[in-house]
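A short worksheet on the structure shown next.
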Amino acid sequence: MSTGKRIALLALHLESNRFAPPVSRADFEEKVLLYGDEIMQDAVQEHPRMVGTMTGFIHAMNKAGPWTPVPIVNADVGAAGPIDHEFYLELKEEMRERLEAAMPLDAVYFGEHGAAVSTEIHDPDGDLFQMAREIVGPDVPIISTLDLHTNISQEMVDATDALIIYRTNPHVDQYERGVEAAGAMQELLGNVKATTAFIRLPIVAPQVTQLTASGPYGEIIDYGQTLIDEDVMNISIAGGFTYGDTPHNGMAFLVTTRDDLAKARKICRELAERVWAYRDRFTPQLTALEDCIADAVARGEDPSLPSVIIADVADNPGGGGRGNTAWLLEGLHDAGAKGAILGVFNDAPLAAEAHALGIGATFEAHFNREETDQYSQPFAAEATILSLSDGKIVGRDPGSRKGMAIDLGPTAALQVGTVTVIVISIRQQCIDLGYFENFGVSVADARTVVVKSRGHFRAGFLPLFPPDRVIECDAPGLTSPNLENFEWTGFQRPIFPLDQETEWTPPDW
Ligand SMILES: [Zn+2]
């Protein structure tokens, strides 16, 4: 029997694109919705379904000595639309009842994403943290890990002792941050007091400007880490999730010290001032759709040119995109771009039809026959079925899904003119080479690879496609980095770069 501190484990892992269709219980059940002991069982699987922060936290706590995990709820649908408010209230109630029944608790850990919105409220994450705080009282530590695409509200900061944010994009440090959260939790349980300074800048950085290997965002994260010392427990900088469209959007800086408020504030302010001074660098460099098509045609004709990736950044399922816009598919098909492969296209009815017809069959493929989203326009062309699969794969290459079980649903590889398309049934972002190669399609042999992803593909595809062989396409879509394409209603204006004249003065601490 476990003894030791009783620590509740919860997660709402949702990144909400305000412009995408709402999600409810069925959407979570299709991805990950675990209650009680199911959480602990998943954490010991070879290929867990939960995000690495939760498994990292659990594993590190197990290693540290006796504790009593109190698993509550782990709800994870990844990136999608707003959570249906009725379902949100149900989920919150389930969390509340289980937390109250579990009292007394010594601590609470949230494996949150951050950047959830419901169909009625802006800040479910802060709402859940506050609910937990009300139940456990002011003296019980509450720590949450967060994706770096999180929007930070004052409520989230006030209700918790520490917020620990990923430092990599593509995200390869989720497990590590879970381990770090466990370490911070041990300190707080050992009577260290955490004190946090928080600044939010009026900058909504387009998602493609938030890579961490280089560039303005990576630089400030790296610089922040050089300031960690015996007083500073954690420095977290949230790039933010633009499409949440909330009043608490904006790049956020959190400095958590071992009870040294003055130092936390000094560092926090310095980091924010640095970024503010170079804010102009948060401007995306996109390539026009027609230029992307012309480029693919040229590479198909001339084998001496290196192959490239075209990232369909505006239709990123990892940001709430439907994974089924057809501008690039239609353009490449109609132009006859040779050696083009495209993955992964989310179209369950088309995949089902392919499974009914069988390998080798040729038919008129109707893409998006049932989709209603404004960007998911129909496209039809003759197609031949190359391969079929149940779509159950394991994240293969370095990246945020490495080692995790992934369900794409019934999957088909189709040859559509000169373009090879991987059609899936459960909306997912194309993360690594396995999303092609599990279905018999070689990435190394392709001339042009189109991925439905904003940037998370970069870790897995890096060995074949360094940054200078990645083109970010300016096509329409739910996750377009072209911020002028959207009607924003939630932001506090003015906000940069939408409002170029935006001003900011540091807090008067
Ligand atoms: Zn993210």
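The values are calculated or read from the model by the stated rules, or taken from the named source; none is laboratory data. Keep in mind the model is a prediction, meaning the values are calculated, not measured. In this analysis, Cβ positions are derived from the backbone assuming ideal geometry, glycine residues included, and neighbour counts consider all displayed protein chains. What goes into the accessible areas is simple: the full protein's heavy atoms, side chains included, and nothing from ligands, DNA or RNA. Shrake-Rupley method; radii C 1.70, N 1.55, O 1.52, S 1.80 Å.
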Practice task
Examine the range 380-397 for a residue that is touching a helix residue (DSSP H, G or I) at 6+ places or on another chain (Cβ under 6 Å) and within 16 Å of the ligand (Cβ to nearest atom), and state whether such a residue exists.
Solution key: no
Inside the range 334-374, the number of residues satisfying the requirement of being out of contact with any strand residue (DSSP E or B) (no Cβ under 7 Å at 6 or more places or on another chain) and surrounded by 22 or more Cβ atoms within 10 Å (Cβ to Cβ) is 0
Counting only strands (runs of 3 or more DSSP E) entirely within the range 12-125, those with at least 2 residues that are closer than 27 Å to residue 324 by Cα are 32-35, 67-80
Note to self: Condition check: touching a helix residue (DSSP H, G or I) at 6+ places or on another chain (Cβ under 6 Å) and open to solvent by 40 Å² or more (accessible area, probe 1.4 Å). Does residue 281 satisfy that?
What the structure shows: yes
Counting only residues in the range 211-265 that are touching a residue at least 60 places away in the same chain (Cβ under 8 Å) and among the basic types (Lys, Arg), the one farthest from residue 492 (Cα to Cα) is identified as 258
All-but-one check, residue 67 against (1) more than 16 Å from the ligand (Cβ to nearest atom); (2) under 22 Å from the mean Cα position of the chain (by Cα), failing number (2)
Residue 144 meets each of (1) assigned to a helix (DSSP H, G or I); (2) small (Gly, Ala, Ser); (3) surrounded by 24 or more Cβ atoms within 10 Å (Cβ to Cβ) with one exception, condition (1)
If we keep only residues of the range 433-473 that are within 16 Å of the ligand (Cβ to nearest atom) and of a type in the set (D, E, K, R), then the residue farthest from residue 288 (Cα to Cα) is 458
Scanning the range 236-270 residue by residue, the ones that are among the aliphatic types (A, V, I, L, M) and touching a Lys or Arg at 6+ places or on another chain (Cβ under 9 Å) total 5
Pairs returned, first residue in the range 166-178 that is more than 14 Å from residue 144 (Cα to Cα) and open to solvent by 30 Å² or more (accessible area, probe 1.4 Å), second residue that is of a type in the set (Gly, Ala, Ser) and away from the ligand (no atom under 12 Å from the Cβ), beta-carbon separation under 6 angstrom, 6 or more apart or interchain, are 172/459
Among strands (runs of 3 or more DSSP E) entirely inside the range 399-450, those with 2 or more residues being crowded, with 20+ Cβ neighbours inside 10 Å are 411-416, 419-424
Residue 318 vs (1) open to solvent by less than 10 Å² (accessible area, probe 1.4 Å); (2) within 27 Å of residue 207 (Cα to Cα); (3) under 26 Å from the mean Cα position of the chain (by Cα): all pass except (1)
Among strands (runs of 3 or more DSSP E) entirely inside the range 159-240, those with 1 or more residues being more than 13 Å from residue 253 (Cα to Cα) and more than 16 Å from the ligand (Cβ to nearest atom) are 195-200, 232-238
Scanning the range 298-315 for residues that are open to solvent by 40 Å² or more (accessible area, probe 1.4 Å) and hydrophobic (A, V, I, L, M, F, W, C) gives 298, 305
Within the range 451-468, the residues that are within 15 Å of residue 313 (Cα to Cα) and surrounded by fewer than 22 Cβ atoms within 10 Å (Cβ to Cβ) are 467
A careful count of residues in the range 172-213 that are modelled with pLDDT under 95 and farther than 25 Å from residue 51 by Cβ gives 1
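Rundown of residues vs (1) without any contact (Cβ under 8 Å) to a residue 24 or more places away in the chain; (2) open to solvent by less than 20 Å² (accessible area, probe 1.4 Å); (3) of a type in the set (Asp, Glu); (4) outside the structural domain of residue 193 (by TED's automatic domain parsing), yes/no style:
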position: 44; (1), (2), (3), (4): yes, no, no, no
position: 54; (1), (2), (3), (4): no, yes, no, no
position: 69; (1), (2), (3), (4): no, no, no, no
position: 88; (1), (2), (3), (4): no, yes, no, no
position: 91; (1), (2), (3), (4): no, yes, no, no
position: 97; (1), (2), (3), (4): yes, no, yes, no
position: 101; (1), (2), (3), (4): yes, no, no, no
position: 106; (1), (2), (3), (4): no, no, yes, no
position: 109; (1), (2), (3), (4): no, yes, no, no
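If you scan the range 147-158, which residues turn out to be in a loop (DSSP other than H, G, I, E, B) and away from the ligand (no atom under 15 Å from the Cβ)?
Correct list: 153 only.
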Filtering the range 223-236 for residues that are crowded, with 24+ Cβ neighbours inside 10 Å and either at pLDDT below 95 or touching a Phe, Trp or Tyr at 6+ places or on another chain (Cβ under 9 Å) (or both) leaves a count of 2
